[in-house]
Amino acid sequence: MRFPLEVFDAVRDVWPQEKPISVRISATDWVPGGFDASQAVEASAMLKAHGCDIIDVSSGQTTTMAQPVYGRMYQAPFSDRIRNEAHIPTMSVGNIQNWDQVNTLIVTGQADLCVLARGHLYEPYFTLHAAAEQEYEVEWPKQYLPAAPVRRKG
């Protein structure tokens, strides 16, 4: 962790203290004997001690030998463990497909934020539709009004 912490410290030194800073980690490389969730907790605790505000928890994409176990919200357990063992806020990623899953991760304390990349690539209006489906008052951007759901009064 010496090099990553030196890099983090250098960034933290020039980043405004009043603004949060995050670090994205791969919580496992999915290789037997490789980097694992326990080490991810340790690394996250070290980053927290150096002033990191939140950990963006991903996994894999570090070696061609990886044998990932994919599934619905498959990276959430790593986020949950880091959040609750290293006591640092986390962002969860990984096959989060709908607003119910997002809400579940937040309400159950498995993550503080959910980061959706592919979900927004597939459905650019994901967040706006999720808010509308849950009956939040949403101010749709003018150019998106044709896609906005119609709310009936009554």
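Here, each number is a calculation from the coordinates, and none is a lab measurement. Please read these numbers as outputs of a predicted model, since none were measured by experiment. A quick note on method: Cβ atoms are made from the backbone with ideal geometry, for glycine too, and the neighbour counts reach across all protein chains shown.
Using the basic label-point model (7 angstrom from Cα toward the beta carbon), what is the residue 107 to residue 38 distance in nanometres?
It works out to 3.4 nm between the two label points.
Please name which of 86, 99, 61 has its Cα lying farthest along the dipole of region 47-141 towards the positive end, using unit charges on Cβ (Lys, Arg +1; Asp, Glu -1) and the Cα centre as origin.
In region 47-141, that residue is 61.
Note the full-extension length gain between residue 45 and residue 142 as 0.36 nm times their separation in residues minus their Cα-Cα distance, in nm to one decimal. Don't jump to the answer; show the numbers that get you there.
Details: separation 97, 0.36 × 97 = 34.92 nm, distance 4.40 nm.
Between residue 45 and residue 142, full extension yields 30.5 nm more.
By how many nm would the segment from residue 125 to residue 65 grow when fully extended, if each residue of separation counts as 0.36 nm and the alpha-carbon distance is taken off?
So the extension gain works out to 18.0 nm.
For the chain, compute Rg over Rh where Rg is the Cα radius of gyration and Rh is the Kirkwood radius from the inverse mean 1/r over Cα pairs.
On the way: Rg = 18.2 Å, Rh = 17.3 Å.
Rg/Rh for the chain comes to 1.05.
Below 8 Å between Cα atoms, with a sequence gap of 6+, how large is the relative contact order for the chain in percent?
On the way: 204 pairs, mean separation 25.6, N = 154.
Relative contact order here is 17 percent.
Using a simple charge model, +1 on the beta-carbon of Lys and Arg, -1 on the beta-carbon of Asp and Glu, nothing else, what dipole does the chain show about its Cα centre, in debye to the nearest 20?
400
Helices from the chain with mean Kyte-Doolittle at least 0.0 and a Cα length along the axis of 15 Å or more, per DSSP H: which?
2-14, 37-49
Could you list which residues have their amide H under 5 Å from that of residue 56, counting only those 5 or more apart in sequence or on another chain, with H placed in the peptide plane?
Answer set, sorted by chain and number: 23, 24, 25, 91.
Mind giving me the nanometre distance, one decimal, between the label points for residue 133 and residue 84, set 7 Å out from Cα along Cα→Cβ?
Spacing of the two 7 Å Cα→Cβ label points: 2.6 nm.
Quick check: residue separation of residue 53 and residue 1 times 0.36 nm, minus the Cα distance between them. What number comes out in nm?
17.0 nm
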